[in-house]
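In what follows, a single structure is set out as structure tokens and then discussed.
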Amino acid sequence: MSSLLLARNGRRAISVIGWGRRGTDALSGVHPVTRRFIIDMSYSAHFMDFKGSSIPSSMKKLVVTKLSPNFREAVSMQTVAVPTPGDADLLVRNRFVGINASDINFSAGRYDPSLKPPFDAGFEGIGEVVGLGLSASSRYTVGDTVAYFGSGAFAEYTVVPAKESVPVPAVKPEFLTLLVSGATAYIALKRLGDLAEGETVLVTAAAGGTGQFAVQFAKQAGCHVIGTCSSNEKAGFLKSLGCNRPINYTSEDLAKTLKKEYPKGIDVVYESVGGSVLELAVNRLANKGRLIVIGFISGYQTASGIPPFTGGTLPVKLLQKSASIRGFFLPHFLSDYREALGSMMQMFAKGKLVCEVDCGDLAQGGEICRLGVSLQGCGLHVCWEKPGQGGGGSGTTLC
């Protein structure tokens, strides 16, 4: 049996779904006639179009052609054919894509050393379904809005398995924040944090993409939340999320503040900075404290990607406090992903979850884009549909 292939731009397509085998029947000795079943798929344009707009034959996308922590050096923009979705796939016209620190690690080859260039960049996107395979049409239709977490998002069009796509009520950049950043905080705290009401939780880089969610989920669990940040503006943002004690480490000594105000230590640390901040967090753990490592931002732009860490006395410190350190990498927890996303979307719909989006307008040379994010910090600016073009514009552009 061959899988069903849908044609693009209204071209007629056929699918051979069964072939008779030529040979001698073992019982009758008769040579059977070859059988061929043809399905007329001339209606396939219905599966490959959106509001009457034609799908181009080519598109632009970002491809990692060289392993490097410098994103501009690592990627190149290429013009390629628009892919055709398989039987169980969707073809998504991307309207917004998300940029995370993980993209730097991925383009530097740190997540999978066996992966060699060239490979597609980008992990998360949201847009409209403009094409789909026959099996996928049992759950989706052309025009549906979906979000997804998978490779190849930094492109004008991306083929996504239908089973890995998530329906969303509208094409809004806020939903992008849930796909990686929100899911990381939700699952990590639920599975590894063991949060209990009244505990003290420290979130480092708390005003960042995933930190903002960790603050909110810890508050929802009835915890006292401390959040580190780098400016008074970010401290104000953290207060608006319910953070009990924002600490601007540029104007306060983090180590002295934690020791003075929290002498009994910290029950749970949601840590993404690494290096000296990680060492400080270990030293301030309470008895039975849990430290969750979800990243190490301070080393991402270095050659090794790993910030220095002095761990010689770590076993003693953990034993003395019956404390623990656990690492969290989202792809290892995909069995929890759909439940986490569904729960967060309900919270967002009810106004119980803030999803702050960095539009790049504060970055040097940046501007607010419908993409909702900017690669300026990585040395490259990617922009989909500037304000005023609207979601139903002439298509996406990379600039």
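Descriptive notes on the structure:
- With R₀ set to 51 Å, the beta-carbon distance separating M77 from N287 gives a calculated FRET efficiency near 0.45.
- Binning the alpha carbon pair distances of segment 112-252 at 5 angstrom intervals from zero yields the distribution 2, 9, 16, 15, 13, 13, 13, 10, 7, 3, 1, 0, expressed in whole percent.
- With a Förster radius of 22 Å applied to the C-beta separation of S54 and Y140, the computed FRET efficiency comes to 0.60.
- Which of K234, K116, K321 has the fewest Cβ neighbours within 10 Å, and the rest in rising order: K116, K321, K234
- Partners for K352 among lysines (Cα-Cα distance below 24 Å; same-chain residues under 8 apart left out): K172, K190, K219, K234, K239
- Estimated at 0.36 nm per residue, the fully extended path between H332 and K219 surpasses their Cα-Cα distance by 38.1 nm.
- Whether segment 201-262 is rounded, prolate or oblate, judged on the alpha carbon gyration tensor where a/c under 1.5 counts as rounded: oblate
- Contact order normalised by residue count of segment 178-330, Cα under 8 Å, 6+ apart, percent: 21
- As a proxy for reagent exposure, ranking R110, R326, R93 by other Cβ atoms within 10 Å from fewest up yields R326, R110, R93.
- Surrounding net charge for M347, when Lys and Arg each add one and Asp and Glu each subtract one, Cβ distance under 14 Å: +2
- Angstrom value of the Kirkwood radius, inverse mean 1/r, which spans all Cα pairs in segment 50-120: 14.1
- Evaluating 6.51 cos²θ - 1.76 cosθ + 1.60 at θ = phi - 60° for every residue in segment 331-343, the Karplus couplings come out as x, 7, 10, 5, 5, 9, 5, 5, 5, 4, 5, x, 5 Hz, glycine and proline recorded as x.
- FRET efficiency, E261 to E356 (Cβ-Cβ, R0 22 Å, nearest 0.05): 0.25
- Cubic angstrom per residue, convex hull over Cα atoms of segment 178-330: 110
- Share of pairwise Cα separations in segment 150-198, more than 18 Å, in percent: 48
None of the figures in this text is laboratory data; all of them are computed from the coordinates on show. Bear in mind the structure is a predicted one, so any value in this text is a computation, not a measurement. Glycine gets a Cβ as well: all are built from the backbone with ideal geometry, and neighbour counts include every protein chain shown.
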